[in-house]
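Below is one structure, written out as structure tokens; comments come after it.
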Amino acid sequence: MIIRKLLSRTGVAVLAVSVALATAVPAQAANPSTGGSAAVPGVEVGVAKQIATRADTRYCLTFVAAAKVPMAVMMACAPGKEGKTQEWIYTESGQLQVAMSKSVGGALAKTGACLDSGADLAKVPASAPLLVLPCRDGDGQKWTYDESAGTFVNTASGLALTSLLGKGKAKQAQPTGSMSTAGTPVQGWSALPLPGLDILGAVLALVNALLASLGLALPLPIAKAASSLLELVRPTTPIPAQMTVLPKQMMQLAQR
């Protein structure tokens, strides 16, 4: 429905531009903007913000359910209602909680959903992206943020949240991962002010909507590792079926 509305308003010309932008997105990741990370604010405790990689601040940490696996990926930062799945709250306990995850009701109304390495529950397969699971009291969901370096280091694994720009399929979301802390821009993260919806933002929103409609295809090794990690942690932590549709529920709620 979102795509249908957007297409009816923007027409064929904007669709052509959007598809061209979607094609260019992974390639642009290799040539990030050079505005400098010093001007970009750090992540504050208790404040809902989009969180962008310092390697290219056009890309935000995004909550999706790809092949029924709830996870965090990198997508073009979208404004307004279209960016609700990109808003996170860094809690006092060190969790990265999806800001709207408690608002949709259901099984997640009390817990919400948080970024989870799963490293305190199972041996994490190589190439596994970061999952998004019901918030829980475990070190797999505890992240120490270094504002200067911009790194989020997981308490359970000791590894840093990493944006793997350019490692995904063309015209698709780019993956995340956990790697040894190296202080590189792909491991640096900064908060962005929640934007309004301008013309460029409308185009980016359409790009993300188009990508979502096509399905978020990840490279096969990453997709398999994601599914394997989810099955490994499932016996030790409750994962309601709602997790696989939560991003869609959030977007529907945001459109009201």
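Taken over the C-alpha atoms, the stretch 136-195 has Rg and Dmax values of 12.7, 37 angstrom.
Here the Karplus relation 6.51 cos²θ - 1.76 cosθ + 1.60, evaluated at θ = phi - 60°, turns the backbone of the stretch 180-188 into coupling constants of 4, 5, 10, x, 7, x, 5, 9, x Hz, with x for every Gly and Pro. For residue 241, the shell of other residues with beta-carbons less than 14 Å away shows a net charge of +3, using +1 for Lys and Arg and -1 for Asp and Glu.
For the peptides 114-125, 43-54, residues were scored by their other Cβ atoms within 10 Å and the scores averaged per peptide; the highest-first order is 114-125, 43-54. For residue 99, the amide hydrogen comes within under 5 Å of the amide hydrogens of 87, 88, 89, counting only partners 5 or more places away or on other chains and with H modelled in the peptide plane.
Using θ = phi - 60° in the Karplus curve 6.51 cos²θ - 1.76 cosθ + 1.60, the 3J(HN,Hα) couplings for the stretch 73-90 round to 10, 10, 9, 4, 4, 10, x, x, 5, 5, x, 5, 7, 10, 9, 10, 10, 8 Hz; x is entered for Gly and Pro.
Summarising the amide proton neighbourhood of residue 159: residues at separation of 5 or more, or on other chains, whose placed amide H is nearer than 5 Å comprise 154. The phi-based Karplus calculation (6.51 cos²θ - 1.76 cosθ + 1.60; θ = phi - 60°) puts the 3J(HN,Hα) values of the stretch 242-256 at 4, 4, 6, 10, 4, x, 5, 4, 5, 5, 5, 5, 5, 7, 6 Hz, whole numbers, x for Gly and Pro.
Residues whose amide H falls under 5 Å from that of residue 59, counting only those 5 or more places apart or on a different chain, are 53, 77, with hydrogens built in the peptide plane. Taking the square roots of five times each eigenvalue of the Cα gyration tensor of the stretch 42-152, the equivalent ellipsoid has semi-axes of 19, 17, 15 Å, listed largest first.
Contour minus end-to-end for residue 148 and residue 227, with contour as 0.36 nm per residue of separation and end-to-end as the Cα-Cα distance? The partial results should precede the final answer.
Values: separation 79, 0.36 × 79 = 28.44 nm, distance 3.38 nm.
Working it through step by step, the gained length comes to 25.1 nm.
Just so you know, all these numbers are worked out from the coordinates, no wet-lab data involved. Keep in mind that what you see is a predicted model, and the values were worked out from it rather than measured. Quick reminder, even Gly has a Cβ in these numbers, built from the backbone with ideal geometry, and neighbours come from all protein chains shown.
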